[in-house]
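Novice: Just passing along the structure, written as structure tokens.
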There are 2 protein chains.
Amino acid sequence: MIESRIFFETTPRKIDNDPWYAKLQDEIKAGASGYYRLPVDQEGLLHEIEAFKQERLDLLYGCENIVVVGIGGSSLGSKAIHNALKYRKSSKRMLFLESSDPLQIDMELGRISLEKSVFIIISKSGSTIETISLFKYILQCYGAATPKEAANRLIFITDKGSALEKLGVANGVKTFGIDANVGGRFSVLSAVGLVPLALAGYDVRSLLEGAKALYEQFVLQGNDRHGLLEKAAYFVENHDEITINVLFTYTSLLKDFNAWYVQLWGESLGKVNRSGRRVGLTPIGIIGPVDQHSFLQLIMEGPRNKSVTFIKIAHSLEAVHIPEISLPGLESTDYANGVHFETLIGKQCDATREALESVGVPTDIIELEALNEDNMGYIMYYYELLTSLVGIGLDINTYDQPGVEIGKVILQEKFRDRK
Amino acid sequence: MIESRIFFETTPRKIDNDPWYAKLQDEIKAGASGYYRLPVDQEGLLHEIEAFKQERLDLLYGCENIVVVGIGGSSLGSKAIHNALKYRKSSKRMLFLESSDPLQIDMELGRISLEKSVFIIISKSGSTIETISLFKYILQCYGAATPKEAANRLIFITDKGSALEKLGVANGVKTFGIDANVGGRFSVLSAVGLVPLALAGYDVRSLLEGAKALYEQFVLQGNDRHGLLEKAAYFVENHDEITINVLFTYTSLLKDFNAWYVQLWGESLGKVNRSGRRVGLTPIGIIGPVDQHSFLQLIMEGPRNKSVTFIKIAHSLEAVHIPEISLPGLESTDYANGVHFETLIGKQCDATREALESVGVPTDIIELEALNEDNMGYIMYYYELLTSLVGIGLDINTYDQPGVEIGKVILQEKFRDRK
């Protein structure tokens, strides 16, 4: 279902005595990050979601909009999956209120009826300023002075033991917990992603199954068929020259998957390492073929500081094809007449990769057979594992984000001045 | 209406004997790029658009959807402006068919009624494979075997003298021309941007007026109040260390403006220069405050290879404010109670910039008083001028894109194999 191929030269690594692989197994045992075992750990949560759906049929029956209120890791994962799969038109509408941007808040809320919506407030810490400010605004929209008065329209997802969890319990708001050792950007397979996606109608069990296939293969059986270790080693060894990793995704539907990747890669790997050195790899997500007409020139002829991973969908939609119309003067475009657009975009992906290879840019390709829950679970878990391995190689803490605290302190000072 | 401030140390430059400024004036005189004079050159086009609107009231009266069929420079500019200004709800719906992605083609066309749509086919060369293939598909959707049979639903925008222009004339399709020396990524103020935006209901005269204000200031009067020359010089002089230029835009509505900037900056500056050296600066567009929770960590603690330009909107929407609700356990978020979201997001922008400045990252800020046509014209022209100046400093041809040709050749070979 997922095939991959690496076109740059790597140093072979044997998984059974690989020090990075051993460290990854240590991280799993020590519980350094709880994301590793999510693909096989969520049976209890799936039952809890199912029970909630049964219990609250009244609410969900007339509900047209699932509104996720959360920012960063609290929204990027479910947004990526929803926008990848909504083309099947089998899910409810999902909206994402992420920002303190008044223009966007006004536009998004203007699109929905409050009486046909459920708001899922997601904050790991429970006190994210954007999310809680939006939550207060939503309470006001419902004419509610306390969460209790709007409890039947609300769901909370937050760390077990957080103040938001306590608030939920005290006000009769259904609250799902997150384990403390599951970081925001690694949380898509926890309640953070599964609850909103399940309520919107996605098959979250298949999502977990997809990730589980790779978990069993790589983590349990030590089978590295995608060359994760060699790819991670390449990024670490060439870290000083290749500072930018481009994901060139050949379908617009994975635009938000790219955004999810950017957070995962950038926030996990941009760190001061244990030797006190600034490290980090800059992630960029672009979309093919659109960005052949934008970013490609820079990769082809600009500085040699980029690697490019292509993502390609083998089977998208055969129904749409280019008709056999020849336009006078434009016969040079007739070479694509009569083919499916999926054939054209697939060949565009291959041609662009070969063009980059021909000028010496390191490339690899990941091919998804189709866009579905299974494959989304698999590829997201693939990227989480790859991030962990590069983090081990760079000798950093992959799971924290100490650099973003200064800004929060400065912000609060600015408001203190006001009073 | 647009204020700016640079926080990194620059070398002063005197505009009246500056060699880069002199070269820019030479480019204007020689017609090396026709974009420079678009703000003052388009009176004829404005009349042509007005006459077309009068003549075709029948078509436009019932028309709900303006569909732009184009890729890269043919769509990015009008898309940026539409998505920045559509919050005012005073325009028609615009759709952008850019990609050969069958899933997206199917989704977009599924949203509209063909009988209430106008398709604007935009291709500078006239033979862009994605655009012409989509055009053939649209003809088929109308049940048309030739452009003539759907002429009343079509507009062409293409280089004067191209095969597409001839096709338009022969089939009675209204065709607007582009001057050969106006490159795709510099074409937003030509027919490429003005025609679709005018038909959608935007005030394109104000768009031109905004750009004209900067044209008169900088090009005619030699007044560099924004420090364009010093900023360009900083990017050129620090080109080996600061390889990445981040645009950190504090409103989601400018997401497609960021995409427009990425093409302009990346495709113009990623070149082999006249000394045979690979040069180029990597553009990245991010959105605040969302990407404070994603990309910021990497800028704060990762390698020191980035500059950051902030874009801030002074007045967005005062009506939306954070209510005075205090939630038990979450009192730490009450510092923002009672303020407008526009105040919160503005202070978040300032706090993040100060945080980056405090750790030594070069930052500057551009403040738009509001989101409107005037300011969009101004800021897009600002970025075009800045791109030209950096291109002069890097000693490259800013206006070509030779690196993207190889991929097109390989693509055609792949189709030759098929037959």
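Novice: Quick check on the protein assembly as shown: of the DSSP beta bridges with both residues there, what percent are antiparallel, nearest 5%?
Specialist: Antiparallel bridges: around 20 percent, rounded to the nearest 5.
Novice: Please give the residues of the range B:212-231, grouped as numeric ranges, whose backbone N is less than 19 Å from a label point set 7 Å along the Cα-to-Cβ vector of B:Asn17.
Specialist: Counting backbone N atoms under 19 Å from the label point, the list is B:222-224, B:229-230.
Novice: Would you mind telling me which residue in A:Pro303, A:Pro328, A:Pro283 has the biggest mean-square fluctuation in a Gaussian network model of chain A, where springs connect alpha carbons within a distance under 10 angstrom?
Specialist: A:Pro328
Novice: Along its principal axes, what span do the Cα atoms of the range A:33-202 show, with the longest given first and each in whole Å?
Specialist: Answer, in whole Å and largest first: 41, 38, 33 Å.
Novice: Let me ask something else. Return a whole-number percent for the relative contact order of the range B:231-354, with Cα pairs under 8 Å and 6 or more residues apart as the contact set.
Specialist: So the answer I get is 29 percent.
Novice: Between A:Ala30 and B:Glu318, how many nm apart are label points set 7 Å from Cα along the C-beta direction?
Specialist: Simple spin-label model gives 5.5 nm for this pair.
Novice: Provide a whole-number value for the mean count of partner chain Cβ atoms within 10 Å of the Cβ atoms in peptide B:337-346.
Specialist: That works out to 5 on average.
Novice: Another question, then. Return the long-range amide H neighbours of B:Thr175 (sequence gap of 5 or more, or a different chain), with a cut-off of under 5 Å between placed amide H atoms.
Specialist: HN-HN under 5 Å from B:Thr175: B:Phe156.
Novice: Can I ask one more? Please give every one of the lysines within straight-line cross-link reach of A:Lys271, meaning a C-alpha to C-alpha distance under 22 Å, and leave out same-chain neighbours fewer than 8 residues apart.
Specialist: Correct list for A:Lys271: A:Lys23, A:Lys124, A:Lys231, A:Lys306, A:Lys408, B:Lys306.
Novice: Additional query: Below 8 Å, C-alpha to C-alpha, sequence gap of six or more: please give me the relative contact order for chain B in percent.
Specialist: Result for chain B is 22 percent.
Novice: Quick check: Cα centre of the range B:128-165 to Cα centre of the range A:134-149, how many Å?
Specialist: 51 Å
Novice: So how do B:Val118, A:Val359 line up by other beta-carbon neighbours within 10 Å, fewest first?
Specialist: A:Val359, B:Val118
Novice: What residue among A:Ile28, A:Ile157, A:Ile81 shows peak mean-square fluctuation when chain A is described by a Gaussian network model with Cα springs under 10 Å?
Specialist: A:Ile28
Novice: Still on this structure: Quick test of the membrane-span-like rule: which DSSP H helices of chain B reach at least 15 Å along their long axis (C-alpha atoms) with mean Kyte hydropathy at least 0.5?
Specialist: B:129-141, B:204-214
Novice: Determine, for B:Thr131, A:Thr343, A:Thr333, the number of other Cβ atoms within 10 Å of each Cβ, and report the residues in order from fewest to most.
Specialist: A:Thr343, A:Thr333, B:Thr131
Novice: Separate question: Computed FRET efficiency, Cβ-Cβ of A:Gln217 and B:Gln140, R0 25 Å: what is it to the nearest 0.05?
Specialist: My answer for the efficiency is 0.05.
Novice: With 10 angstrom as the radius, rank A:Lys124, A:Lys86, B:Lys160 by how many other C-beta atoms surround their C-beta, starting from the fewest.
Specialist: B:Lys160, A:Lys86, A:Lys124
Novice: For the pair B:Glu237/B:Ser332, report the inter-label distance in nm, with labels modelled 7 Å from Cα in the Cβ direction.
Specialist: Rounded to a tenth, the inter-label distance reads 4.3 nm.
Novice: Can you list, shortest first and in nm, the gaps between the label point of B:Cys141 and those of its counterparts in the other copies, using a point 7 Å from Cα in the C-beta direction?
Specialist: 3.1
Novice: Taking only DSSP H segments of four or more residues, each worth -39500 (n - 2.57), what value at 222 nm results for the protein assembly as shown once the sum is divided by all its residues, to the nearest 500 deg cm²/dmol?
Specialist: The per-residue figure over the protein assembly as shown is -13000 deg cm²/dmol.
Novice: Further, regarding this structure: Chain A: percent of C-alpha pairs farther apart than 32 Å?
Specialist: 41 percent
Quick note: the coordinates plus some simple rules give every number you see, no bench work behind them. Model, not experiment: these values are computed from the prediction. Neighbour counts are summed over all protein chains in view; Cβ atoms, including those assigned to glycine, are modelled from backbone coordinates with ideal geometry.
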